[in-house]
Amino acid sequence: QVQLVESGGGLVQPGGSLRLSCAASGTVFSMTLMGWYRQAPGKQRELVATGTTGGSTNYADPVKGRFTISRGNAQNTVYLQMNSLKPEDTAVYFCSGVLGRNNYWGQGTQVTVST
């Protein structure tokens, strides 16, 4: 059974930084595409960033220049470095990984940006 587990969320002041981590288990195959999505209260889940094992990355406009996605050296790991955080970044952040025709999701980690 494939599982994705996120960590690294928390409470941070505006302008601060957080680093999210995600690791997948339960498969020997490589997830060529992994990414981060977020869902704020009352809003739909939205793309934050994706990254491939080949090094390609894609970012949503609101986070460009502030967030950086990277794939770890260990198989099926992905990170999200979030800098210059804003209150509007407050959301539950979900890790996603694509394996074949299946898209797997983590349980989410809360990020709150507030004074």
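The values are calculated or read from the model by the stated rules, or taken from the named source; none is laboratory data. Please read these numbers as outputs of a predicted model, since none were measured by experiment. Virtual Cβ from ideal backbone geometry, glycine too; neighbours counted across all protein chains shown. Each accessible area value is taken on the protein alone, full model and side chains, heavy atoms only, with ligands, DNA and RNA left out. Shrake-Rupley method; radii C 1.70, N 1.55, O 1.52, S 1.80 Å.
Using all C-alpha to C-alpha distances in the chain, build P(r) with 10 Å bins and read off the rounded percent in each one.
With 10 Å bins starting at 0, P(r) equals 15, 50, 29, 6, 0.
Could you work out how much longer the chain between Lys43 and Arg19 gets when fully extended? Use 0.36 nm per residue separation minus the Cα distance between them, nm to one decimal.
Working: separation 24, 0.36 × 24 = 8.64 nm, distance 2.30 nm.
That works out to 6.3 nm of additional length.
For Met34, what charge total do you get from the other residues with a beta carbon under 13 Å from its beta carbon, if Lys and Arg give +1 and Asp and Glu give -1? Mind dumping the intermediate values first?
Values: positive: Arg71; negative: Glu6.
Residues close to Met34 contribute a combined charge of 0.
What FRET efficiency, computed as 1/(1 + (r/R0)^6) with R0 = 35 Å and r the Cβ-Cβ distance, is obtained for Ser56 and Gln107, rounded to the nearest 0.05?
Values: r = 26 Å, r/R0 = 0.75.
For R0 = 35 Å, the calculated efficiency reads 0.85.
Starting with the highest mean, order 107-113, 14-20 by the number of other Cβ atoms within 10 Å, averaged over the residues of each peptide.
Values: 107-113: 17.0, 14-20: 15.1.
Final packing ranking: 107-113, 14-20.
Quick one: with all protein chains in place, what share of the accessible area of the chain is carbon or sulfur, to the nearest percent (1.4 Å probe)?
On the way: 2980 of 6190 Å².
Reported share for carbon and sulfur atoms: 48 percent.
Starting from the Cα of Gln1, step 7 Å along the direction of its Cβ; do the same at Ser70; then give the gap between the two resulting points in nm.
Simple spin-label model gives 3.3 nm for this pair.
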